[in-house]
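Worksheet: the structure to be examined is printed underneath.
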Amino acid sequence: MRDLIEGLGGRQEYRLASFALISGLILSLNLSQSWALLAFAIGGLSYVALVLLTYFRLQDASLSGWWLLPMILVFHVGPRWELGSWAWGSITFYPSGFIFLVPVIIGWFAATRNPDALPK
C-alpha cells in the first residue's frame, strides 16, 4: 500500500490522482439522502486518501508536512450562502472552505527533489 501511495508521489501522477479524489469528494455531495451512508463512505475515503497522498507528495518535494494543517483544520469565516434547506438538514457554501486545497495546489507545482543533490 505504501509503495502505491509513494508511486503516486510524482508531480504528474499526483495531479491525476488528486483530481480524481477531489472529484470523488464533489460526487459524494451530490448523492441523495437515501444514499447518505454511501456518500459518507466515498467522501471520507476520498478525503483520507487525498491527505495521505498529499503528505507523500510534499515529502517527495522536500516540503514540510506542516502544510497539511490547512487541509485538516478548516475554519469557516467570511461570507456564506445557504444553497438549500430540507427537513433533514441544509447545505451551506463557505468560500473559506477552499483553503484546504492550498496544500494540493502546492503539490501540483512543487518540483520533485533531486536525490543526487542531497548531502551524503
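Observations on the structure shown:
- Remark on the stretch 1-99: Rg and Dmax equal 15.6, 48 Å (Cα only).
- Think of it as helices only: each DSSP H run of n ≥ 4 in the chain is worth -39500 (n - 2.57), and spread over all residues that comes to -16000 deg cm²/dmol at 222 nm.
Taken together, the values in this text are just the output of simple stated rules run on the coordinates, not laboratory data. Remember, it's a predicted structure, so these values are computed and weren't measured experimentally.
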